[in-house]
Amino acid sequence: MRDTDTIDDPAALALRALVWTLGEPDRASRLLAVTGLDPADLRARAGDPAVLAATLSFLEANEADLVACAEELGVKPPALVAARERLEA
């Protein structure tokens, strides 16, 4: 795990978190339900800062997902929160 709670490129981190989120069908279905996106919208807008921020917000709403994602990505959970905050700025 990285020693920092932030990351230089919030969009890249959020995109990695999106890929992680979509890697499990139940979690992916929950993301689509919460965001209101359909698979085609998600594919078309995967790089959109608003979609990336919504993905991170989705993870924040479930601490277990947030922690598991952070662990898989090799960052601390606050890095994902900080990335969302930067994407929303």
request  = Within region 2-33, track down each residue that is β-branched (V, I, T) and closer than 17 Å to V81 by Cβ.
outcome  = T4, T6, I7, T21
note = Going through region 52-78 in order, the residues found to be among the aliphatic types (A, V, I, L, M), under 16 Å from A11 (Cβ atoms) and surrounded by fewer than 20 Cβ atoms within 10 Å (Cβ to Cβ) are L73
ask   = Has region 14-36 got at least one residue that is in contact (Cβ under 8 Å) with a residue 60 or more places away in the chain and buried (at least 19 other Cβ atoms within 10 Å of the Cβ)?
value = yes
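Any read-out appearing in this document is the output of simple, stated calculations on the displayed coordinates, not a laboratory observation. Source: prediction; values computed, not measured. As a convention, Cβ positions derive from the backbone with ideal geometry for all residues, glycine included, and neighbour counts pool all protein chains shown.
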